[in-house]
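Participant: My questions all concern the structure below.
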Amino acid sequence: MNEILSKEKSIYIQISEMIENDILRDILLEEEKVPSTNDLAKIYTINPATAAKGVNILVDSGVLYKKRGIGMFVSAGAKKLIMKRRKAEFYENYVRAIVEEAKNLGMTKEDLIKMIDEAN
């Protein structure tokens, strides 16, 4: 969690995304304790309530769970849950738009695949 906060998105959203990214990169593992909201507030010099709002997004989505008096932990299956949701978002936000624009340009599926291969 050494990413820098930007002004492009709400800070609490960025906090939840950073925790998710650490889970996807296996920096935070299932059943592992995550930094407390106070720790996050100190690291990023933000209000603890803002950090808590970001963490609570992940609790509400089942990525994290609370152990009363101990802290927040990564849920079993959290990585799969995040990947499933992000793949669906990727499809909706990018793939559909790319396919639609390719159609507008008269491109074939093969043209599009060739462009993707060239980008690698």
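Participant: Could you identify the single residue in Leu58, Leu29, Leu40 that is of a type outside the set (Gly, Ala, Ser), in contact with a strand residue (DSSP E or B) (Cβ under 7 Å, 6 or more places away or on another chain), buried (at least 19 other Cβ atoms within 10 Å of the Cβ) and touching a residue at least 24 places away in the same chain (Cβ under 8 Å)?
Facilitator: Working: Leu29 fails: buried (at least 19 other Cβ atoms within 10 Å of the Cβ); Leu40 fails: in contact with a strand residue (DSSP E or B) (Cβ under 7 Å, 6 or more places away or on another chain).
The match here is Leu58.
Participant: Kindly list, by first and then second residue, each pair from a residue in region 65-84 that is free of Cβ contacts under 8 Å to residues at least 24 places away in the same chain to a residue that is assigned to a strand (DSSP E or B) and surrounded by fewer than 17 Cβ atoms within 10 Å (Cβ to Cβ), limited to pairs with Cβ atoms under 9 Å and residues at least 6 apart or on different chains.
Facilitator: Sorted first by the residue in region 65-84, then by its partner, the pairs are Lys67/Lys33.
Participant: Only one of these conditions is not met by Met107: (1) under 20 Å from the mean Cα position of the chain (by Cα); (2) surrounded by 11 or more Cβ atoms within 10 Å (Cβ to Cβ); (3) more than 14 Å from Glu30 (Cβ to Cβ); (4) of a type in the set (A, V, I, L, M). Which number is it?
Facilitator: With (1) under 20 Å from the mean Cα position of the chain (by Cα); (2) surrounded by 11 or more Cβ atoms within 10 Å (Cβ to Cβ); (3) more than 14 Å from Glu30 (Cβ to Cβ); (4) of a type in the set (A, V, I, L, M) applied to Met107, the lone miss is (1).
For every residue, the table says whether it meets (1) assigned to a helix (DSSP H, G or I); (2) more than 20 Å from Glu20 (Cα to Cα); (3) of a type in the set (A, V, I, L, M, F, W, C).
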site	(1), (2), (3)
Thr50	yes, no, no
Leu58	yes, no, yes
Gly62	no, no, no
Lys84	yes, no, no
Ala88	yes, no, yes
Asn93	yes, no, no
Glu110	yes, yes, no
Ile116	yes, yes, yes
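Participant: Just to be sure, is Val99 surrounded by 12 or more Cβ atoms within 10 Å (Cβ to Cβ), hydrophobic (A, V, I, L, M, F, W, C) and under 21 Å from Ala51 (Cβ atoms)? Quick ask: steps written out before the conclusion?
Facilitator: Details: surrounded by 12 or more Cβ atoms within 10 Å (Cβ to Cβ): yes; hydrophobic (A, V, I, L, M, F, W, C): yes; under 21 Å from Ala51 (Cβ atoms): no.
Criteria not met by Val99.
Participant: Of the conditions (1) on the phi > 0 side of the Ramachandran plot; (2) over 19 Å from the mean Cα position of the chain (by Cα), Gly62 fails just one. Which one is it?
Facilitator: (2)
The numbers here are math on the coordinates, done by the rules we state, and not lab data. Since the structure is predicted, the reported quantities are computational estimates derived from the model, not experimental observations. Counting neighbours? That spans all protein chains shown, and the Cβs are built from the backbone with ideal geometry, glycine included.
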